[in-house]
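Okay, so here's the structure we're looking at.
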Amino acid sequence: MAKIGDTVRFLNTTGGGKITKIEGRIAYVEEDGFETPVLLNEVVVVLPAGHEPEKKGARMMFDQKAFDDGKKSVRDAAPQKSADSRKTDNVAEPELPVEETEYGEDITVALVFEPENAKALSTSRINAALVNDSNYFLYFSVLIRDNEAKAWKPLFTGEVAPNEMIDLASFTQQNISEIERVVFQAMAYKKGKSFQVKYPLNVSKKIDLTKFFKAHCFRPGVYLDTPCIEIPLYSERR
């Protein structure tokens, strides 16, 4: 249950902020100097009280560019091997260390949609990404509806590391309707250490597509400091 001081996002609309007071089942959320009353069951905690970052502004779960640059620097620094030596060398490359957070033991997963050009939505491609806001690896599938077959088809299947964002696909205004209904399925685990077992996830979500045609719906959020739409899929932080 959310409490005073928690940073939250609204479940049924864009926006969020910090809870300043709670009266019964109503939380008062402050953002940009304005307080918004909202039902407690219509918010999700994205940053518990006491875990505020040192810098003001949107909390970045990770720096994707630094993460990518770090992986690139590791690859560039590694000695080059011949094709023959690579064939006979079966030693796996060491994985980057996992940095865990105290609140990351509770899994939170979100979709993030970021336009290439928020000022030209009619012609801009929109990148869809999945955020794993937890200390767990997730082996997951994102499914979209195949209306012709009256069944589901995979949009993306793979593994996402703790506190990592992974690109899924990109869309245009002409085919954005493909993601109106999505199903997210995942298994959570850790590598090389003990952990609390989590139930397999199976979440169905209907997305409000009208937001993708409104420029004011794209704005900096919890996971990106550029204009985007963030849609919570699942959270244990209640």
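The values are calculated or read from the model by the stated rules, or taken from the named source; none is laboratory data. Predicted model, so just to flag it, every value in this text is computed and none were measured. Using ideal geometry, Cβ is built from the backbone for each residue, glycine included, and neighbour counts are taken over all protein chains shown.
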For residues in the range 4-25 being assigned to a loop (DSSP other than H, G, I, E, B) and modelled with pLDDT of 80 or more, which is surrounded by the fewest Cβ atoms within 10 Å (Cβ to Cβ)?
4
Inside the range 138-184, can you point out the residues that are closer than 14 Å to residue 207 by Cβ, touching a Lys or Arg at 6+ places or on another chain (Cβ under 8 Å) and part of a strand (DSSP E or B)?
143, 144, 145, 171, 181, 182, 183, 184
Of the residues that make up the range 26-34, is at least one touching a Lys or Arg at 6+ places or on another chain (Cβ under 7 Å) and not in a strand (DSSP E or B)?
no
Criterion: more than 18 Å from the chain's Cα centre (by Cα), outside any strand (DSSP E or B) and surrounded by 17 or more Cβ atoms within 10 Å (Cβ to Cβ) - qualifying residue of 198, 193:
198
